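K.L.:
The structure that follows is given in the form of structure tokens.
The values are calculated or read from the model by the stated rules, or taken from the named source; none is laboratory data. Keep in mind it's a predicted model, so treat the numbers as computed, not measured. As a convention, Cβ positions derive from the backbone with ideal geometry for all residues, glycine included, and neighbour counts pool all protein chains shown.
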Amino acid sequence: MSTTATGKINVQTENIFPIIKKFLYSDNEIFLRELVSNAVDATQKLKALNSIGEAKGDLGDIRIEVEVDKGSKTITIKDKGIGMTAEEIEKYITQIAFSGAEEFVNKYKDKVDKNVVIGHFGLGFYSAFMVAKKVEIFSLSYKNGAKGVRWECDGSPEYTIEEISNRTQRGTNIVLHITDDCEEYLDTHKIEGLLKKYCKFLPVEIKFGTKKDWVDKGEKDDKGETKMTEVEVDNIINNPNPAWTKKPSDLKDEDYGGFYRELYPMQFEQPLFHIHLNVDYPFNLTGILYFPKLSNKLEMPKDRIQLYCNQVFVTDNVENIVPDFLTLLRGVIDSPDIPLNVSRSYLQADGNVKKIASHITKKVADKLEEISKKDRAEFEKKWDDIKIFVQYGMLSDEKFYEKAVKFALLKNTDGKYFSFEEFENHVKPLQTDKDKKLVYLYATNAEEQHAYIDAAKSRGYEVLLMDTVIDPHYINSLEAKLKDTSFVRVDSDTVDKLIKKDENSISKLSEEQQKELQPVIEGAVNKDQFTVVFENLSETDAPMLITRPEFMRRMKDMNQLGGGGMGWYGNMPDMYNLVVNSNHPLISKILAETDKDKQSQLASQTADLALLSQGLLKGEKLTGFIKRSVEMIG
């Protein structure tokens, strides 16, 4: 070729650059990731060729440098990798979508690891024009006798290419002349932030200027303490060998803890445990997932799972890419099969991404099952901190449910844990109703529902504690999946009716007496909120108590988290039953009272006691109750 030549980029449209800007990438800051990744590719190719003897000699310093020059309004990305000849620039740069990475992998597929090279699409270089009005390439190939070359393009299909004699350093410099509307990228803090976001774990050292650091001076002071001195050192912004790239057998617990702090420096609480992913079939996948402590609230963490492709950051916005419940975890997933294109619709629809998500779900379930079998006592200690994750997974992913139902735990109000199988066998003799259905009693608040729990336990029943925000949905799901099983909240009915048996109890009050007493009791409560019902309870049970019908209360609870078309339940008033114990002596006393005012007062005081036990006595009613009680004591 002549010393200087011009040409036209081989594309099918004059509007390739607007298309790149609009459709290929979702954010213009991605240009830095793409160009640094290309520099890493060039370096990795050189190392691979050197390892098989095709690139001779000592490689020397192969770190990548990124420089910002505010004066000339340029950003330069320098590598000391494989470099390019003029012919290779013509081939790889001017023929858009012809990927040099793909060609390299195909040529050397039997000699080098195919995953050593990041790029696949051949379009990454052109992301430079998202922020640059002009781009220059200065390059010198590693090949013997190669001549330096300079390429220039102003964002139109026309370009200029020429041989240069003053290029002596092997590798490539990409110089971006930043447009006026993208001058924010000339801020060094901005660029360092982007490098740490996208390039923090790239496999080749990346230098970005220098920084001050304290080093050992090699001397002791008068007190025998080490003298430190401040020096200027290279600012290496990445860790080329992150923990997930190493074999699990080569790592200790402190290594995993250190990497967690590296990922999330603002997280001071250590995770409960981790899963190290290391898969090479049917796809390549590595990574480390951490289980943080989770509260009973379903809160999506701000520090989320990070997706990488060959150590290049892709996204941490993983909703709809991995199953929702996995977004409660933290950590890293890295696979060369995750496309670097960051269009969310592209990632969500990608077949490999779906397979990877499915596999991770399986690995997480397997790990939890392994921990539960290996050390049940330790698993029980961690259960309260991970149960909302497991429950969410069982609700939202059928495959996860099938595995999790074997290790998921149920906890009773005494703090004892059971597997589903253990609990079924434990309560079956006493908690099977007359229709041969197993009844799981549960409470949502052990303190507020203490009286009901105590009454159930006095019958020998077990009461589960189901107090997470998603438990109403979880219970509904379990009822649909567990055979002949129902869940009944312990305050939803009288203790004798929670688990319906064949026994018939006898009432001390006739139907006529109950009808006579009904309006007296109704006068003591708000009839729009309470339904008065008579039950034949034991004389030792309370004279009156409050129950909340299971169905309506559960629908309202589910509506708090969102229950799929049940919004209207949230607008309905709370409904309660005021259960009158027809066998209690106090009820007989109210019936026998002939003074209507005293009868009404006695009925109100007894009803208020029941309301008070449930925290339902408030305002004027509570003030009046306290006043009457003081008068009675006096």
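K.L.:
Of Lys428, Lys411, Lys436, which residue is surrounded by fewer than 16 Cβ atoms within 10 Å (Cβ to Cβ) and touching a residue at least 40 places away in the same chain (Cβ under 8 Å)?
P.N.:
Numbers: Lys428 fails: touching a residue at least 40 places away in the same chain (Cβ under 8 Å); Lys411 fails: surrounded by fewer than 16 Cβ atoms within 10 Å (Cβ to Cβ).
Unique residue meeting the criteria: Lys436.
K.L.:
Which ones in region 183-209 are surrounded by 14 or more Cβ atoms within 10 Å (Cβ to Cβ), touching a helix residue (DSSP H, G or I) at 6+ places or on another chain (Cβ under 8 Å) and assigned to a helix (DSSP H, G or I)?
P.N.:
Matches in region 183-209: Tyr185, Lys190, Ile191, Leu194, Leu195, Tyr198.
K.L.:
Inspect region 266-286 for any residue being within 30 Å of Gly60 (Cα to Cα) and out of contact with any Pro (no Cβ under 6 Å at 6 or more places or on another chain) and give the result as yes or no.
P.N.:
If we filter region 266-286 for residues that are within 30 Å of Gly60 (Cα to Cα), which is where we start, we get 286.
The next check asks that each one be out of contact with any Pro (no Cβ under 6 Å at 6 or more places or on another chain); those that pass are 286.
Yes.
K.L.:
When you look at Asp234, is it under 23 Å from Asp79 (Cβ atoms), of a type in the set (Asp, Glu) and outside any loop (DSSP other than H, G, I, E, B), yes or no?
P.N.:
yes
K.L.:
How many of the residues in region 492-535 are closer than 13 Å to Ile587 by Cα and part of a loop (DSSP other than H, G, I, E, B)?
P.N.:
Of the residues in that region, 4 qualify.
K.L.:
Among the residues of region 13-62 satisfying the criterion of being closer than 22 Å to Lys200 by Cα, of a type in the set (Asp, Glu) and not in a helix (DSSP H, G or I), which is modelled with the highest pLDDT?
P.N.:
Looking at the filtered set, the residue picked out is Asp61.
K.L.:
Would you be able to tell me the number of residues in region 132-160 that are under 18 Å from Ile77 (Cβ atoms), of a type in the set (Lys, Arg) and surrounded by fewer than 19 Cβ atoms within 10 Å (Cβ to Cβ)?
P.N.:
2
K.L.:
Does Asp467 meet the test of being assigned to a helix (DSSP H, G or I) and either charged (D, E, K, R) or at pLDDT below 90 (or both)?
P.N.:
Here the answer is no, as Asp467 does not meet what is asked.
K.L.:
Select from region 225-280 the residues that are more than 19 Å from Lys363 (Cα to Cα) and polar (S, T, N, Q) and list them in ascending order.
P.N.:
Selection gives Thr226, Thr229, Asn235, Asn238, Asn239, Asn241, Gln267, Gln270.
K.L.:
Please count how many residues of region 210-266 are surrounded by 13 or more Cβ atoms within 10 Å (Cβ to Cβ) and β-branched (Val, Ile, Thr).
P.N.:
Count: 3.
K.L.:
Being of a type in the set (D, E, K, R) and surrounded by 19 or more Cβ atoms within 10 Å (Cβ to Cβ) is the filter here; which residues of region 31-64 pass it?
P.N.:
Arg33, Glu34, Asp41, Lys45
K.L.:
Same structure again: Name the pairs whose Cβ atoms lie under 9 Å apart, with the first residue in region 198-217 and at positive phi, the second not in a strand (DSSP E or B), and 6 or more positions between them or separate chains?
P.N.:
Partner pairs satisfying both residue conditions: Gly209/Thr188; Gly209/Glu192.
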